[in-house]
Structure formats: C-alpha cells, structure tokens
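Beneath this line is the structure, given in structure tokens, with notes to follow.
The values are calculated or read from the model by the stated rules, or taken from the named source; none is laboratory data. Keep in mind that this is a model prediction, so the values were computed, not measured. Every residue, glycine among them, receives a Cβ derived from its backbone with ideal geometry; neighbour counts consider all protein chains shown. Ligands, DNA and RNA are excluded from the accessible area calculation, which covers all protein heavy atoms including side chains. Shrake-Rupley method; radii C 1.70, N 1.55, O 1.52, S 1.80 Å.
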Amino acid sequence: MSAIKDRITEDMKQAMRAKQADRLSAIRMLLAAIKQKEIDERIELSDPQVLGIIEKLTKQRKDSISQFEAAGRQDLADKEKAELGVLSAYMPEQADPAEVVDAIEAAIAASGAAGPQDMGKVMAILRASLAGRADIGVVSALVKQRLSKA
C-alpha cells in the first residue's frame, strides 16, 4: 500500500477529530480521486501514481485560482487556495533549478540524445526522476531548448 495514501487517510481522521471542515473537504476530494483511479484501473496505486494524481489536482487548483481571480470571484479563489495548501503538503520538496538542469544533462547523457527527435527518450527518464518535484511542463521546455542546441 502507498505510504502517501496512508498519510492522507490519517490526516483525514485528524481533520475529523479537530473539526477542520475545509481541510477535511480537500482531503476527502483527494482520497476520492485516488479511489476513483484505483477502481477504474482495478489496481492499488503506488506512491508515484498517487503523486501524479496530487500533481494533477494541484494544477487544476492553480488554473481555477487564476480564472476566479480574473472573474473577480475572490471568495472562490480563496477556497481553491486553501485546497491547494492542503494538496501541497503531500508533494515532495521541489527540486531547485540547478538540480533540474543537472537531471536534464544526466538524462541526455544516459539516453544518448542527439537532437530534438530524442526528446521522448529524455522525458521518459526525467518523468521518473523528477516526478512531483518539478513542473514537467517547465522541464519539457528546458529539454527542448537544450536539445535544439545539440
């Protein structure tokens, strides 16, 4: 069983005991997303898969916040920010930019990438090593830039 999923379940119990309704709501939403994925695929999720779900939900919250703020709905934006805070607590520490660049260089060397056509090989390596620790969209742009110079 996933250690992260166990931690989320324990946090849900603590939020219930402490009567933290907003936190409890966000944790239940996360557990529902995890359970839905497990039921759909008939598997028990591992930590990297759980992190993938958390990453997806985090991205959705960030998008919603910007849309709500643009529409002048600060009340809804604040609710999304609170959920984002709860979700962020389960993410691993983010990799610093120097670490990301080092990982990109190592992945390029490991895959023997020679140009932009090898981007898929490099990204496959990086997705595994940087899962949950860096924005894959940003990493992808950096890889593309680096491979176009090669």
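The order of the peptides 95-101, 50-56 by mean Cβ neighbours within 10 Å, most packed first, is 50-56, 95-101. Segment Ala109..Asp63, full-extension length gain: 13.1 nm, with 0.36 nm per residue of separation and the alpha-carbon distance subtracted.
Distance from the Cα centroid of region 2-60 to that of region 75-150 is 23 Å (rounded to whole angstrom). Remark: the Glu44-Ala98 segment gains 16.0 nm on full extension, using 0.36 nm per residue and subtracting the alpha carbon distance.
Assuming a ≥ b ≥ c are the square roots of the Cα gyration tensor eigenvalues, decide whether the chain counts as rounded (a/c under 1.5), prolate (otherwise, with a/b larger than b/c) or oblate. Prolate, because a/c is 1.5 or more and a/b exceeds b/c. Looking at the chain, how many pairs of lysines come closer than 20 Å at the Cα, when each pair is eight or more places apart or spans two chains? Total qualifying Lys-Lys pairs in the chain comes to 20.
Taking every DSSP helix (H) stretch of at least 4 residues in the chain, weighting each as -39,500 (n - 2.57) and dividing the sum by the residue count yields a mean residue ellipticity at 222 nm of -26000 deg cm²/dmol. With all protein chains kept in place, the per residue accessible area of the chain amounts to 59 square angstrom at a probe of 1.4 angstrom.
The charge dipole of the chain, taken about the Cα centre with unit charges on the Cβ atoms of Lys, Arg (+1) and Asp, Glu (-1), comes to about 300 debye, rounded to the nearest 20.
What helices does the chain have that are whole DSSP H segments, at least 15 Å long along their own axis by Cα, and with mean Kyte-Doolittle hydropathy of 0.5 or more? Helices passing the filter in the chain: 97-111, 119-130, 136-149.
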